[in-house]
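Taking it in order: structure first as structure tokens, then the write-up.
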Amino acid sequence: MELPFYLNFKDFESYYYNNLEKWFEAYHNASEIDYLKALADLYSPYLYYNFAEDRVQADASIEVKDCFFPYHEKIGISFCIDCNKETSKKNLHQVFEFKNISMMEYAQHILDKINKYCSKNSSALDGSKNILDYINNYDIITSVEGVGYCISYNRHQKVIPFLKAYLPYYGQTVNMALYRDFVFSIVEIAEFIDQKLKNIRAFEYTIYAQSRSEAKFKVQMSRQFLTLCN
């Protein structure tokens, strides 16, 4: 069963038991712990553990490759009589660096890719088709023209529930107010899930416990790396 992804706490709380009932109908041998674990997996990518405050906080971002050509004195508008295409290609080596961007920026980037595809294919939005029909199209998502963000298709899979809830059916821009609601609601959603898990004595499955464990592991790995370097 595909769980719906909510961008605000009010909707999440309102539909909690309705979705739980559907979960039991789909999985007869499942328990509420299984349902809560699935919810934790759904929302935890947008949270991180803060050591200073000993709590989870919003981190609605994703890592992407920013592909570009390094600044080069041969890049620019010029006329070269003796140059050939092969020589020019060898002089332009594309490089990349990893960077974190907000989920709103990522969603806008995906929306731009889809709209560009639709503008070149007049029948793309015929009938009942809309933007959401293309959010997992491999060729569209991984397409790169020159410079810009290079999208990891595997990493993209993890944020599809968010994109389904956030992207418009039609249009050129994402909704900033809707995204702001999500950022303000994500911690409240996590606390709701965690409290339910605590009530049934399943603390080890809480988003707090999982995020804290992951954060500790990253710190330990960093320390080991520094020790090896020294």
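The values are calculated or read from the model by the stated rules, or taken from the named source; none is laboratory data. It should be emphasised that the depicted structure is a prediction, and the values quoted were computed from it without experimental measurement. Virtual Cβ from ideal backbone geometry, glycine too; neighbours counted across all protein chains shown. With ligands, DNA and RNA removed, areas are computed over all heavy atoms of the protein, side chains included. Shrake-Rupley method; radii C 1.70, N 1.55, O 1.52, S 1.80 Å.
The figures follow:
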{"read-out": "All positions within the range 139-183 that are in a helix (DSSP H, G or I) and without any contact (Cβ under 8 Å) to a residue 12 or more places away in the chain", "value": "139, 154, 177, 180"}
{"read-out": "Considering residues of the range 113-136 that are among the basic types (Lys, Arg) and surrounded by fewer than 18 Cβ atoms within 10 Å (Cβ to Cβ) only, the residue farthest from residue 150 (Cα to Cα)", "value": "129"}
{"read-out": "Scope the range 139-172; condition touching a helix residue (DSSP H, G or I) at 6+ places or on another chain (Cβ under 7 Å) and over 18 Å from residue 62 (Cβ atoms); matching residues", "value": "168, 169, 170, 172"}
{"read-out": "Filtered residue count, the range 137-154, keeping only those that are surrounded by 13 or more Cβ atoms within 10 Å (Cβ to Cβ) and at pLDDT 95 or above", "value": "3"}
{"read-out": "Failed item in (1) within 23 Å of residue 20 (Cα to Cα); (2) open to solvent by 20 Å² or more (accessible area, probe 1.4 Å); (3) under 18 Å from the mean Cα position of the chain (by Cα); (4) not acidic (Asp, Glu), with residue 203 passing the rest", "value": "(3)"}
{"read-out": "Helices (runs of 4 or more DSSP H) completely within the range 6-112 that count 1 or more residues being open to solvent by 80 Å² or more (accessible area, probe 1.4 Å) and modelled with pLDDT of 95 or more", "value": "9-14, 16-26, 32-43"}
